[in-house]
Amino acid sequence: MPGKLKAKIVAGRHLPVMDRASDLTDAFVEVKFGNTTFKTDVYPKSLNPQWNSEWFKFEVDDEDLQDEPLQITVLDHDTYSANDAIGKVYIDIDPLLCSEAATVISGWLPIYDTIHGIRGEINVLVKVDLFNDLNRFRQSSCGVKFFCTTSIPRCYRAVMVHGFVEELVVNEDPEYQWIDRIRTPRASNEARQRLIFLMSGELQRKIGLKVLEMGGNAVVGYLQCFDLEGESGLVVRAIGTACTLEKISTFPATATHPNNSSPSKDMKEPGFGEEAPGVPLSSGPPTPLRAQTFSSFSPSKSYSRQSSSSDTELSLTPKTGGHLCHFCMIPPSPFCVFQEYPFFTLTAFPPGFLLHVGGVVSARSVKLLDRIHNPDEPETRDAWWEEIRQEIKSHAKALGCHAVVGYSESTSICEEVCILSASGTAAVLSSRFMQDGPLDTEHRFEEVVSPGCGFCHIPYDELNIPFPAQLTYCYCCRRYKVPDVLFTTIDLPTEANVTGKGCLIQARLCRTKKKAQGEGNATAISSLLPFLEYELHTQLMNKLKLRGMNALFGLRIQISVGETMLLGLASATGVYLTALPSPGGIQIAGKTPSDITYEQHISTMQKKINDTIDKNKELYEINPPEVVEEIIGSPIPEPRQRSRLFRSHSESSDEVSELDLSHGKKDAFVLEIDDTDAVEDIHALLTDSPTPAGFYSCNTEIMPGIQNWTSAIQMFTSVRVFRLNANLTNQGLNKIFSDLCENLLKSLYFKLRSMVPCCLCHLNFTVAIPEDELIQVAVTAVAMSFDKEQPLENGKQSGEKTLIKGKHRPLKAMSGIFPPHLSFLSSLSPSLSLALLLSTASSLEKASPLPEGRSRSLRSNRSYSGSSVAVVKMTPLSFIPGAKIIKYLGIINMFFIRETSSLREEGGVSGFLHTFIAEVFAMVRAHVAALGGNAVVSYSMKECVFMENPNKNQAQCLINVSGDAVIFVRESELESTSVQTQSATTHTSNATL
Amino acid sequence: MSVELDVFVGNTTIMDKEVYQLWLNGYTVNDAVKVRIEGGVMEECEASAEVLLSDTMDQYRTFQMCERLLHHPAKLANQLLFQIPPDRQAMLIERYYAFDDSFVREVLGKKLSKGTKKDLDDVSTKTGITLKSCRRQFDNFKRVFKVVEELKGPLVENIRQHFLLPDQLARDYAAIVFFANNRFETGKKKLQYLTFQDFAFCAGQLINNWTLGAVDNMMEDMDVDLDKEFLQDLKDLKILITDKDLLDQHKSRVNNETSHPLSLVCNALRGKTNVFNEMEANFKNLSRGLVNIAAKLINAKDVRDFFIDLVEKFIEPCRSDKWTSIDMNLYLTHYTNSAHILDTFKHHAVWTRYMGVIKSCILRMYHD
């Protein structure tokens, strides 16, 4: 009995009218946790009841505390018939179980009904008293912190990164149980919502246990997904990166008071010093860790990982690093030996962590779903993922890498066919974060390599390249070899040398498929996949060249399967890495150059392409410093003038294909336009319309070349569903799909035009084929305004002052990009740069055109115009520009179902979904506010399943969202009122004073 | 290929002022798109008609979803569904409750009933305002009317607090409510030259001086109904025209005052002998007119005719005699003041309360 949960129902407001006769409601509340239920009194005849109940107390195991949500049901009392339910609130109490997160949940939460949507609000108070648990064999993992953020959270430092954690739980889907035939849609929806809540709780607890066994205290980059397998069940799975995190107190004032509550970390002062203004390299919380700050966690704990992987034993323990050395330029880190899967869900790393990047590795597998007979033994699903992860691992090895970063997993299900996909970036990591072993080899290595280009250097052996690639000497340091292009799934490292700005690059593909059943269907899909993937890759490469860029970050390839087609969408952010060679152009040629008009046609096309490349170079400010080989005298091969497209690429297997950097043989590529595919390629290349003036876009966290964000941010979700005509050819489909994405982007630019100049960051496209002839595209992103006048030179120093901004400034890039005569400015006196910073700060206030940007301070948030609704910001990024996150309050993971049988009355499908998404946002905001937060970071909409039946006037939608609830303060306020904010927000630090 | 579903939801609700206005004006989506295209927004933002259509539909949907909140503006600040910054909320409310002067002239003083609502299509044809917009404006009037009907306290303040309207708009609504409640006739041909603002000004005068609220400020309906006691007392003013002596005395006083040699303005007036003579000749008629209006106000039916009476009995005769506003002001000032010096006239308080309003109303209404 290690925990006591207490809940108090204060009041309700805006309740719906439940009694037509009186136009009022006699409301009461049921509070349920596990199998215990309490009730409040009936508050008669009011739409704004004041229950002011006693504290309802639940004495429960902490295991239950983790698994179960607190369920609050608001009902209308009816003397003669059954009480009518008004709606429910599920409260995830997990944030209360961690001492560093929230302490109380208090506020107005929307009362939600799956048929009617939000029906008023209820004010509740929830607290948890936890008793110390001394049970060594406990099943709970209270206190393990979870973060959706795929980097080390802002107010923590990573003491140790333990590695990959995964788990999955399965159950029968209530929607497909026999009882569903006799119960109401509402009951069925609620059963599903509750089940998924329970399963996520259980999953999180189990992952937490694994983390504890590994010796960690947190999961970063926690990614939880649902597979709605229909008849065969419901799978909830999650992956993440186990870490040991340590909180950094962010206030300089407290620097003299080391956090005594964490005894073993007595080396905190350097950390504070780095945070102080003006000191170089103070780039926000993920500060460059120094060797002495690592506390000594015994690596033997990590060994226990294998015994802990309860149900995933495939006895595929990796071999020792022996044969790995074959590829590696540096000795493999020791952690490979004990890590079954050296995978990291992180996409951004503390400086010095990522040594080299090999390239993208991905694996796919087509499976036939069968019914899960015993939910307690989810072996089949586990085995499937095992296979894929092994595949990924071997791909990474082939690239000479011992780790995979930016790792993610996804599925696409259509009827009984399921495509499992995994992808990541093969990389060589520094072992500094893995354990406190000898650091000499790495250290020696790092000293030689400049951080701005080091990660581009090939990790594989030059003489033993796993695929044909063009290698040149690094254009930055000229010492190590680099590839001609680099594809990755991670964010652009902050220290990377980049020329110009980046942009969103998408490859879109649609392929028809014959209708088939069972195994035949799976085989058909399997045989199509490699082609699909290959063509996506080709498209990406061409579009990259067309923009004059040489590297892709944040690459995400989504393949969606429908009954009669396959959709592929690859999104990434293209950049020009200074270290890599300049990309060649694209040359096209006819296969049979016979008549003159044909020749002319080709030459006009060629001209168009060349013009576009030039235009793009100007647009993205790509003007790399002239290559001055002769002067330096380095043995750099002649820059190639054109790209080569390699069309006879062989896939490793039907099921699994590897994306690599190979772009063919050494001979020059000629794009032949007799080839229908090539015509299509060229068409696709040239139809991508450029972003309107003032707009930039990327799918990564940050945009290279833009630093001075204003505080104006606007997160949004846009969903479109298109109905296709029957009997379309591949080309027709392609065109439609491509136009669809383009038009969606155009609409977004138009919508957000008042924010110009602005960048759409973290543009996350999700495609689905909900029905035979429907394509659904959902986008979630954040638009962020920036100041046009870039404080180019002093940016370096202002960046250091503004901690968060500095994080995203490729500091080292400065010297690489700007002519040397500007470099003297970087040694400006701090006072001058401060003044410059202030002037930009004042100009951004008036420049913020959108409401959210109105420089609203935390204080004014709390008390504007007497409204009780606090402003909550939402962003898919891990940070808020111009603000500092001072506390993480816990993970937000919510699942909602909405159904209607009066679709027309609710404004049709658009009206229905519009309302639902707005309601989901509202509920997320309300829960964050109740936790005491004012923002959600790393927000994502992981699932949006929409089904309609217009003939029956019905529709149903499922949405799953997640993110991290945080408290942030404006940097301006932090400086001016550091004392106030400190007392207001840091209970912990006060306690230690 | 067709777009089956198309939504955009921002964490901060995005609302375009221009589209909002088109929506309020009752344009259909297609008409709104046409107007926007003509406005040149496409060239500005490199957008296509398709994009514009999608945006317009989306905005219209957002406004429709917000509309029920706008019916109770206080709710807008407390709801959780849309995150709208306070200044945007104020803009939404203000524009939603804004109305067309030409529309309000059509329904001013009419009963805000279903019957009137049914006639809105005629109003729409006449004014060129879309029926949808007419309905919104009418419903706004009715909603405000219903809410303040049952409230105590000052009318303008109640409207401002309940509907979060800016001061001027709240005053206008007070006028509309006041007119609807007293059913003042404003539609007659002779009154057509008057604008809504003329009437709103008069309503303000009446509310501030003739209602119960002018004497006691914590009564129900205090600002909506005229002070019955005062109306009763007005009957006593009849003595000014029924008593022959008093009438003559009053006339000569006014003449003396206006012809007083020390008054520069009067000299100027006297210079216009024509006007002056007319005034002298008409005194009895004009005075009779004003006092009769006062005496009849106790009857609800005559209250309705208040403005038409003012025009017929006073403004028209003066206009036909080509008085200027200055003449009018001077005349009314002396007419009011000289009554106080009359020996047998006792009803000074009522007379001041009555004439104060009459004077400012007439001055406001005296134009072409």
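The values are calculated or read from the model by the stated rules, or taken from the named source; none is laboratory data. This one's a predicted model, so the numbers in the text were calculated from it and none came from an experiment. When we count neighbours, we look across all protein chains shown, and the Cβ atoms used for this are built from the backbone with ideal geometry, even at glycine.
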Breaking point among (1) of a type in the set (S, T, Y); (2) more than 9 Å from chain A (Cβ to nearest Cβ); (3) touching a Lys or Arg at 6+ places or on another chain (Cβ under 9 Å), for B:S48: (2)
A:T676 over 25 Å from B:T13 (Cβ atoms), within 29 Å of the chain's Cα centre (by Cα), of a type in the set (S, T, Y) and at pLDDT below 85: no
Filtered residue count, region A:177-190, keeping only those that are surrounded by fewer than 18 Cβ atoms within 10 Å (Cβ to Cβ), of a type outside the set (S, T, Y) and either at pLDDT 85 or above or closer than 17 Å to A:E68 by Cα (or both): 3
Near pairs, Cβ below 9 angstrom, 6+ apart or cross-chain, from region A:920-931 (at the interface with chain B (Cβ under 8 Å from one of its Cβ atoms)) to any residue that is of a type in the set (G, A, S) and surrounded by 24 or more Cβ atoms within 10 Å (Cβ to Cβ): A:F921/B:G10
Candidate set: region A:944-956, residues that are surrounded by 22 or more Cβ atoms within 10 Å (Cβ to Cβ) and not aromatic (F, W, Y); chosen: the one modelled with the lowest pLDDT: A:E948
Condition met for A:V945 (within 17 Å of A:V719 (Cβ to Cβ), away from chain B (no Cβ under 11 Å) and among the aliphatic types (A, V, I, L, M)): yes
Test for A:D772: is it of a type in the set (D, E), more than 25 Å from A:L552 (Cα to Cα) and either within 11 Å of chain B (Cβ to nearest Cβ) or touching a residue at least 24 places away in the same chain (Cβ under 8 Å) (or both): yes
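Residues are listed down the side, and each one gets a yes or a no for (1) surrounded by fewer than 16 Cβ atoms within 10 Å (Cβ to Cβ); (2) more than 10 Å from chain B (Cβ to nearest Cβ); (3) in contact with a Lys or Arg (Cβ under 6 Å, 6 or more places away or on another chain):
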{"site": "A:A693", "(1), (2), (3)": "yes, no, no"}
{"site": "A:T700", "(1), (2), (3)": "no, yes, no"}
{"site": "A:N708", "(1), (2), (3)": "no, yes, no"}
{"site": "A:Q714", "(1), (2), (3)": "no, no, no"}
{"site": "A:R720", "(1), (2), (3)": "no, no, no"}
{"site": "A:L728", "(1), (2), (3)": "no, no, no"}
Meets criteria (out of contact with any Cys (no Cβ under 9 Å at 6 or more places or on another chain) and either over 30 Å from A:D113 (Cα atoms) or of a type in the set (V, I, T) (or both)) for A:E190: no
Complete set of residues in region A:31-55 that are within 24 Å of B:L80 (Cβ to Cβ), crowded, with 18+ Cβ neighbours inside 10 Å and not polar (S, T, N, Q): A:V31, A:K32, A:Y43, A:P49, A:W51
Those strands (runs of 3 or more DSSP E) lying entirely in region A:1-113 with at least 1 residues touching a Lys or Arg at 6+ places or on another chain (Cβ under 7 Å) and either away from chain B (no Cβ under 14 Å) or of a type outside the set (A, V, I, L, M, F, W, C) (or both): A:3-13, A:27-33, A:56-60, A:70-76, A:84-91, A:105-113
Residue satisfying condition, being touching a strand residue (DSSP E or B) at 6+ places or on another chain (Cβ under 9 Å), assigned to a strand (DSSP E or B), in contact (Cβ under 8 Å) with a residue 40 or more places away in the chain and not β-branched (V, I, T), within set A:L958, A:L913: A:L958
Tally of residues being surrounded by fewer than 24 Cβ atoms within 10 Å (Cβ to Cβ), at the interface with chain B (Cβ under 7 Å from one of its Cβ atoms) and not β-branched (V, I, T) across region A:907-917: 3
Residue match in region A:869-879 (condition: modelled with pLDDT under 95, more than 14 Å from chain B (Cβ to nearest Cβ) and more than 25 Å from A:I248 (Cβ to Cβ)): no
Any hit, region A:895-905, residues being surrounded by 22 or more Cβ atoms within 10 Å (Cβ to Cβ), in contact with a Cys (Cβ under 9 Å, 6 or more places away or on another chain), within 14 Å of chain B (Cβ to nearest Cβ) and of a type in the set (D, E, K, R): yes
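Conditions (1) at pLDDT 65 or above; (2) within 13 Å of chain B (Cβ to nearest Cβ); (3) closer than 24 Å to A:K873 by Cβ, marked per residue:
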position: A:N743; (1), (2), (3): yes, yes, no
position: A:R753; (1), (2), (3): yes, yes, yes
position: A:C759; (1), (2), (3): yes, no, yes
position: A:H762; (1), (2), (3): yes, no, yes
position: A:F765; (1), (2), (3): yes, no, yes
position: A:T780; (1), (2), (3): yes, yes, yes
position: A:K801; (1), (2), (3): no, no, yes
position: A:I804; (1), (2), (3): no, no, yes
position: A:P810; (1), (2), (3): no, no, no
Qualifying residue in region A:574-589 (condition: at pLDDT below 85 and part of a helix (DSSP H, G or I)): no
Residue check, B:S360 assigned to a helix (DSSP H, G or I), in contact (Cβ under 8 Å) with a residue 24 or more places away in the chain, buried (at least 20 other Cβ atoms within 10 Å of the Cβ) and among the small types (G, A, S): no
Yes/no for A:H443 being at pLDDT below 70 and surrounded by fewer than 24 Cβ atoms within 10 Å (Cβ to Cβ): yes
Among (1) more than 30 Å from A:E771 (Cα to Cα); (2) of a type in the set (A, V, I, L, M); (3) within 7 Å of chain A (Cβ to nearest Cβ) - the single one B:V104 does not satisfy: (3)
Residue, farthest from B:Q89 (Cα to Cα), within region B:21-44, restricted to residues that are within 14 Å of chain A (Cβ to nearest Cβ) and either in contact (Cβ under 8 Å) with a residue 40 or more places away in the chain or surrounded by fewer than 21 Cβ atoms within 10 Å (Cβ to Cβ) (or both): B:E43
Exclusive hit being assigned to a helix (DSSP H, G or I) and either more than 9 Å from chain A (Cβ to nearest Cβ) or hydroxyl-bearing (S, T, Y) (or both), set B:K117, B:K110: B:K117
All positions within region B:288-326 that are assigned to a helix (DSSP H, G or I) and charged (D, E, K, R): B:R288, B:K296, B:K301, B:D302, B:R304, B:D309, B:E312, B:K313, B:E316, B:R319
Residues located in region B:69-93, provided they are in a helix (DSSP H, G or I), within 14 Å of chain A (Cβ to nearest Cβ) and surrounded by 16 or more Cβ atoms within 10 Å (Cβ to Cβ): B:L69, B:P73, B:L76, B:A77, B:N78, B:P86, B:R88, B:Q89, B:A90, B:L92, B:I93
Residue within region B:348-357 that is free of Cβ contacts under 8 Å to residues at least 12 places away in the same chain and within 27 Å of B:F199 (Cβ to Cβ) present: yes
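Conditions tested, residue by residue: (1) of a type in the set (K, R); (2) outside any strand (DSSP E or B).
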site: A:R508; (1), (2): yes, no
site: A:T523; (1), (2): no, yes
site: A:S526; (1), (2): no, yes
site: A:L529; (1), (2): no, yes
site: A:L532; (1), (2): no, yes
site: A:K545; (1), (2): yes, yes
Single unsatisfied condition, B:E18 versus (1) in a loop (DSSP other than H, G, I, E, B); (2) within 12 Å of chain A (Cβ to nearest Cβ): (1)
